[in-house]
Amino acid sequence: MVIPRFTCTFGTNIHLGDHAFVNGNAFFMDDAPIAVGAHVRIGPGAQLMTALHPVDDHARRREGWERAAPIVIGENSWLGASVTVGAGVTIGRNVVVGAGSVVLHDIPDHVVAAGTPARVIRSTPVEAP
């Protein structure tokens, strides 16, 4: 289920797993693939941003060069309100990301992460098979 107002760059590079939920005012910059696992919950105002711009090459940045890297969100994870996920990030299964966090690096399975940049705060129980 996707709640309006949802915006994206293309819409063709987004895959939502079964029973995924995207709350209002989310933006998916799908210049590269975005894969959202089953039972994922994404809070209002979340942004999934796949674009990258040159950091050290000032001339290329001035010229507007860009590349993109995919985002993957594992099954049964929850992104709080206004979470931003950067390009190339993988968020594991059964992860909770606190509201307002900026996720710039991969997050392993079964943890709570929060902050800017997001860091693992604690582990959560491993789900029984």
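The values are calculated or read from the model by the stated rules, or taken from the named source; none is laboratory data. For clarity, every value in this text was computed on a predicted model and none was experimentally measured. Counting neighbours? That spans all protein chains shown, and the Cβs are built from the backbone with ideal geometry, glycine included. Protein only, heavy atoms only, side chains kept; ligands, DNA and RNA dropped before computing areas. Shrake-Rupley method; radii C 1.70, N 1.55, O 1.52, S 1.80 Å.
Would you mind getting the accessible area per residue of the chain, heavy atoms of the protein chains only, 1.4 Å probe, in Å²?
Details: 7150 Å² over 129 residues.
Accessible area per residue, the chain: 55 Å².
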Low-density loop cleavage sites - GluC sites (Glu not before Pro) in the stretch 22-122, where at most 16 other Cβ are within 10 Å (DSSP): GLU66
Rounded to the nearest 10 Å², the 1.4 Å probe accessible area of TRP65 is 120
In whole angstrom, note down how far apart the Cα centers of the stretch 49-65 and the stretch 1-42 are. 25
Quantify, in whole percent, the carbon and sulfur part of the accessible surface of the stretch 49-129 (1.4 Å probe; protein heavy atoms only). 56
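Can you divide the C-alpha Rg of the chain by 2.2 N^0.38 Å and report the result to two decimal places? Provide the component values of the computation, followed by the final result.
Working: Rg = 14.7 Å, N = 129, 2.2 N^0.38 = 13.9 Å.
Normalised by 2.2 N^0.38 Å, the Cα Rg of the chain equals 1.05.
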Helix-only CD estimate at 222 nm, as mean residue ellipticity for the chain, using -39500 (n - 2.57) per DSSP H run (n ≥ 4): -1000 deg cm²/dmol
Shape of the stretch 1-53, Cα gyration tensor, a/c cut at 1.5: oblate
